[in-house]
Amino acid sequence: MATPAPITTAGPAPSGGWRPARLEQRESRTTTGRTLRFSVPGWPGHLPGQHVDVRLTADDGYQAVRSYSLAAPADGDTVELGVQATTGGEVSPYLAEELPVGARVEMKGPLGGWFVWDGTFDGPLLLAAGGSGVVPLMAILRARRRVRSDAPCTLLYSVRTPDDVWYADELAAAPPFLSVRILHTRQAPPGSARTAGRITSADLDALPAPPGSRCYVCGPTGFVEHTSDLLLAAGHPADLIRTERYG
């Protein structure tokens with residue numbers, strides 16, 4: 001088994017913590033989900049599972065700040081975010097659809113130190129995602145692949161319909177260490193052995209996650225609370241469960 005080296009961040013933030021960030025690429029993931037790649041000169045690096053604040057400034061000086069998860073491990077000055085456009089949202093629809101490639105925003109981070117995988121824990125992982133909550137978990141999975149860890153990892157991914165799966169092609173080509181199970185809450189694909197519905201204790205019982213797995217749960221508040229309760233009831237110790245929620 002490969003032994004991962006610690007993943008570190010370094011470098012002071014500029015005054016106020018905000019750095020200029022230039023949009024380099026936008027990629028569709030679902031009907032409303034996008035990957036945005038920015039170049040951020042002087043970016044100090046980050047840990048899988050962290051997030052950033054993005055600040056937009058209008059011509060009249062009005063500013064809006066929102067937080068977005070980092071979708072990939074550190075890669076020089078490139079920062080990859082996952083953005084889910086929300087109906088009636090002030091910032092996310094603009095970032096997802098309208099911000100021109102080449103435009104600049106401001107970015108602060110990396111932020112967060114609890115919901116991270118820093119490379120020092122090489123035991124089994126159980127990752128549970130609801131909708132776009134898979135974004136920071138994808139950063140963890142990609143980091144695990146980089147260090148060539150062969151410790152088992154399970155991704156339990158809850159989405160409304162088959163069309164709502166982020167990173168479908170990448171997950172379909174999962175490396176040997178990763179087991180992926182996708183649950184559908186509103187519409188299951190034809191021929192599915194599981195009817196549509198929220199995650200249950202039976203879904204956890206069917207997983208190959210061994211005892212002692214560190215659990216990361218990310219998604220809407222209701223999903224995170226429900227899934228965390230199921231994990232505790234299944235015997236997963238509270239100190240091995242890490243959560244991140246939105247909405």
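The values are calculated or read from the model by the stated rules, or taken from the named source; none is laboratory data. Keep in mind that what you see is a predicted model, and the values were worked out from it rather than measured. Positions of Cβ are backbone-derived with ideal geometry, glycine not excepted, and every protein chain shown enters the neighbour counts. Heads up: the accessible areas ignore ligands, DNA and RNA and are worked out on the full protein's heavy atoms, side chains in. Shrake-Rupley method; radii C 1.70, N 1.55, O 1.52, S 1.80 Å.
Assorted remarks:
- Checked against the criterion of being at pLDDT 95 or above, of a type in the set (Ser, Thr, Tyr) and within 25 Å of Leu171 (Cα to Cα), segment 70-78 has at least one qualifying residue.
- Residue check for Asp75: within 18 Å of the chain's Cα centre (by Cα), farther than 23 Å from Arg242 by Cβ and open to solvent by 10 Å² or more (accessible area, probe 1.4 Å): yes
- Here Pro44, Pro12, Pro4 are screened, and the one residue that is open to solvent by 20 Å² or more (accessible area, probe 1.4 Å) and at pLDDT below 95 is Pro12.
- Test for Ile140: is it part of a helix (DSSP H, G or I), open to solvent by less than 60 Å² (accessible area, probe 1.4 Å) and in contact (Cβ under 8 Å) with a residue 60 or more places away in the chain: yes
- In this structure, Ala151 does not qualify as in a strand (DSSP E or B) and within 15 Å of Leu240 (Cβ to Cβ).
- Listed by first and then second residue, the pairs linking a residue in segment 109-126 that is outside any loop (DSSP other than H, G, I, E, B) to a residue that is open to solvent by 10 Å² or more (accessible area, probe 1.4 Å) and among the hydroxyl-bearing types (Ser, Thr, Tyr), with Cβ atoms under 7 Å apart and 6 or more places separating them unless they lie on different chains, are Pro110/Thr9.
- Filtered residue count, segment 57-68, keeping only those that are within 25 Å of Phe115 (Cβ to Cβ) and open to solvent by 30 Å² or more (accessible area, probe 1.4 Å): 3
- Here Cys153 passes the criteria (1) assigned by TED's automatic domain parsing to the domain that holds Glu225; (2) at pLDDT below 95; (3) open to solvent by 40 Å² or more (accessible area, probe 1.4 Å); (4) within 26 Å of His46 (Cα to Cα) except the one numbered (3).
- A single entry from Glu24, Glu90 fulfils the requirement of being of a type outside the set (Ser, Thr, Tyr), open to solvent by 30 Å² or more (accessible area, probe 1.4 Å) and modelled with pLDDT under 95: Glu90.
- Within segment 158-242, helices (runs of 4 or more DSSP H) holding 2 or more residues that are in contact with a Gly (Cβ under 9 Å, 6 or more places away or on another chain) and surrounded by 14 or more Cβ atoms within 10 Å (Cβ to Cβ): 221-233
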